[in-house]
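Following: one structure in structure tokens, then a few remarks.
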Amino acid sequence: MAPPALAEDLPIVDPIPEKPITSGVALTLAEVITMPRSEPTPPVTDARLRRHARINFIGEVPDGSGRLYVPDLNSKLYLVKDGKTVDYLDVGAAVGPDFFNNRGLGSGFGFVAFHPDFARNGKFYTTHTEARGALTTKPADYNQPGTIVIQSVVTEWTATDPAAETFAGSRREMLRIGFTGFTHAIQQIDFNPTVPRHHEDYGKLYLAVGDGGRGVSSDDPQNLALPHGKLIRIDPEGRDSANGKYGIPIRNPFVGKPGAMGEIYAYGFRDPHRFSWDTLTRRLYLGSIGEHEIEAVYEVRAGDNFGWSDREGPFVFKRTDRCNLYPLPENDAQFGYTYPVAAYDHDPPPGHSCTADSGHAIVGGFVYRAKEIPELWGKYVFGDLVDGKLFYTNTHEMKRGGKLAPLYQLSLMDNAGRPMTMQDFAGDRRTDIRFGTNKAGDLFVLAKANGKIWKVTGTRPLPDVYPSLTGNLVAHYDFDHPANPAQEADRGRSGTPIDLVNGGADQRVADGAYKGSKFSLQTKQISPATAGNDDWKAGIYSADGVPTLRAFNGVRQTTVMGWVKMTGQNPSPNSNSANPDDFYGAIGIAGVLSGNSDGHAVRALLELIQVDGVMKVVALGRRIDGSASQTFAATEDWRTILPPDEWVFLAATFDFNTGKMALYKNGQALPGSYVVAGDPWGIGTGQGPYSASPTDPRGIKIGGSFPQDNREGNPCNCRFDNLMFLDRALEPWEIQSQYALTRS
């Protein structure tokens, strides 16, 4: 019998199970400028390179002029002042035909760093990539083993007149590094802005050098004879390097060590993407993009080894198994690795290849030390450059050698107070965001997607929406935002107001479901014994479809959820029947109508109906207009799920692609079963993915059927608060998080 496997030999299913905590604040962004459009040359087909402008930083020229600078990977260095841009330098034109910017996400004019004494000496430094003829005519100072396909070049520029609006002067090459892959070259170069002139670190240039993509199959990041996978520090004014073009600071940790480059400051990186210093503590923080799952923030000190590619974050990475991470061994301390102070993972979606890009990558940011936004003081703000999620960690919780600091997710709002995401601001699901700052410490956010730059102008109290929901929140009603007395404004992205049918302003009652909510919606049956149209309900209807609800046109997933309280007799007497003992067979809660609905038929609905003669809480969905619906019914008695006069948070999720539905109460999944046998949605035939009919829904109904008010049906003697309609089936943890955010 084989011995039992050690824990360290078993892969970890979920490396960082803790999800980001709702931050409690939302940032407000004000647009600063839209940068000029640019394109790689020659044109490319890779959509990730076809952005409005491949801007990747914003900083302030250190000369007291107030001018901001913005580098664009496609070639140009811009100056920005008073809302206008000036072409300061075209790096690609100066370099010539070997300049390379059309393959690899970081290729082109990568970064610029102005010398802290620029006003006097006119010096600034750039990194760019070259290929083509350079590979055979311009030998690199350092090459990776293998066939070199691209080179990163560090250049010193000296402006004749530092105050001029456009560059004129000279340049000299300082360092050239060859890479065998088009990814993870030199990412950022910068000076430490926190040290005074007399300090030994003043004027020393830091270079974040990636592993060229080879770390996953080699030990290059651990090889101290190579610059790849390292943070290196050089002295532009010195000349004692191997190529005689720069100096090696005497206090670099590996100076004099046999077989090691004296330039190395720290090592063991895959893709050291962005770094910055805390201007108060002078600590250096670096955001490093992971290979399999871990996006990490490190506090960097001289001589640190961050472990790649033996480690990915605080886990073991095995080059023989790129699809898993493993626990640290019991004897890990002897290896001397330094682990992150904060990190998050990005579980690949189902069916996604573990070696393919899962669409997540950390972008390092800054510790906020400006005075204007006290709520951000001492917080390291960073994000995910792909989906645009923003995070922060508290610097006092970012401790080397300890537990990972708690991660908080920031919300965003526009000037009108509506929840937004960076995808909304950037106008694209792939945002390609970066961060920047100025001398005052103000924080800026940039997006390659639309070339815009925003300044963080303040914070607002967190809206009653969990941050991960905002990008998919099509319609949202909290009944605290009347569009007019008889209409409720939509706080979701669609801007679809709903009518408070029959009761108007009287339907808005002072009974919020949770702290911070002032009003809720009252729906009820008015005249049980009279056939008429006076029941209180809410919604919107158009026989031509509601164009603002187009997010549900051809949708693959949907969620309907919100707070519900039973406030009267349910189910209601059937006012359409002469029999006083006849009751409606359903209680309408909330749903999105189908594209051919008469006001009753739905695409996705949360309600109560009779199932085999017993009233049940159900999710009822229809994928194809006019076709059959499927129902998922909760097992538990509906009166237990929705007891009288008690606020309950209900949710229903619909996945039209897989046929999966689910129900939740107060953040917990409700056991249940499918009612209709077979395949009513028609997803077992043909070839997926499957989606709903490509028609605009005819509206939304709340508290009953027929929102156009031409017939009474299935009234709910209920109150509603914070109703949400989303174009995605939320994950269980998201529903739990939304419940936790708004529970009393």
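The values are calculated or read from the model by the stated rules, or taken from the named source; none is laboratory data. From a predicted model like this one, the values you see are computed outputs, not experimental measurements. FYI the Cβ positions are ideal-geometry reconstructions off the backbone, even for glycines, and counts take in every protein chain you see.
General observations
- Number of residues in segment 647-679 that are assigned to a loop (DSSP other than H, G, I, E, B) and under 23 Å from ALA551 (Cα atoms): the value is 4.
- Count of segment 100-120 residues, restricted to those that are of a type in the set (Phe, Trp, Tyr) and more than 19 Å from ALA164 (Cβ to Cβ), is 3.
- Note on segment 422-456: among residues that are assigned to a helix (DSSP H, G or I) and not charged (D, E, K, R), the one that is surrounded by the most Cβ atoms within 10 Å (Cβ to Cβ) is MET422.
- When segment 61-85 is filtered for residues that are of a type in the set (D, E, K, R) and either over 22 Å from THR155 (Cβ atoms) or in a strand (DSSP E or B) (or both), the ones remaining, listed by number, are ASP72, LYS76, LYS81, ASP82, LYS84.
- Cross-chain or 6+ apart pairs with Cβ under 6 Å, segment 423-439 first and over 17 Å from VAL363 (Cα atoms), then not hydroxyl-bearing (Ser, Thr, Tyr): GLY427/ASN450; ASP428/ALA449; ASN438/GLU60; LYS439/GLU60
- Residue selected from segment 156-165 under the condition under 38 Å from the mean Cα position of the chain (by Cα) and either outside the structural domain of GLY92 (by TED's automatic domain parsing) or crowded, with 20+ Cβ neighbours inside 10 Å (or both), by the criterion nearest to PRO236 (Cα to Cα): GLU156
- Meets criteria (of a type in the set (Phe, Trp, Tyr), assigned by TED's automatic domain parsing to the domain that holds GLY516 and more than 18 Å from LEU376 (Cβ to Cβ)) for TYR477: yes
- You will find that of VAL501, VAL509, the residue that is under 24 Å from VAL546 (Cβ atoms) and either hydrophobic (A, V, I, L, M, F, W, C) or not assigned by TED's automatic domain parsing to the domain that holds ILE587 (or both) is VAL501 and no other.
- Considering the conditions (1) surrounded by fewer than 22 Cβ atoms within 10 Å (Cβ to Cβ); (2) over 26 Å from PHE391 (Cβ atoms); (3) aliphatic (A, V, I, L, M), ILE234 is excluded by exactly one of them, (1).
- Residue that is nearest to PRO689 (Cα to Cα), among those in segment 612-646 that are among the basic types (Lys, Arg) and not in a strand (DSSP E or B): ARG623
- Counted residues, segment 661-718 - those being over 31 Å from the mean Cα position of the chain (by Cα), surrounded by fewer than 13 Cβ atoms within 10 Å (Cβ to Cβ) and not polar (S, T, N, Q): 6
- Residue within segment 404-421 that is loosely packed, with under 14 Cβ neighbours inside 10 Å and not in a loop (DSSP other than H, G, I, E, B) present: no
- Residue among THR166, THR155 that is among the hydroxyl-bearing types (Ser, Thr, Tyr), within 30 Å of GLY441 (Cβ to Cβ) and in a loop (DSSP other than H, G, I, E, B): THR166
- VAL555 being within 33 Å of the chain's Cα centre (by Cα) and in a strand (DSSP E or B): no
- Members of segment 620-649 found to be more than 22 Å from TRP681 (Cβ to Cβ) and either crowded, with 18+ Cβ neighbours inside 10 Å or in contact (Cβ under 8 Å) with a residue 60 or more places away in the chain (or both), listed by number: TRP638, ILE641, LEU642, PRO643, PRO644, ASP645, GLU646, TRP647, VAL648, PHE649
- Inclusion of TYR339 among residues that are assigned to a loop (DSSP other than H, G, I, E, B), more than 16 Å from LEU224 (Cα to Cα) and either more than 21 Å from the chain's Cα centre (by Cα) or of a type in the set (Ser, Thr, Tyr) (or both) is warranted.
- A single entry from THR355, THR320 fulfils the requirement of being in contact with a strand residue (DSSP E or B) (Cβ under 6 Å, 6 or more places away or on another chain), among the β-branched types (Val, Ile, Thr) and modelled with pLDDT under 95: THR355.
- Residue list for segment 119-134, filter: of a type outside the set (D, E, K, R), surrounded by 19 or more Cβ atoms within 10 Å (Cβ to Cβ) and touching a residue at least 40 places away in the same chain (Cβ under 8 Å): GLY122, TYR125, THR126, THR127, THR129
- Any hit, segment 37-60, residues being assigned to a strand (DSSP E or B) and of a type in the set (Lys, Arg): no
- Flag for PRO461 being closer than 17 Å to ILE362 by Cβ and surrounded by fewer than 17 Cβ atoms within 10 Å (Cβ to Cβ): no
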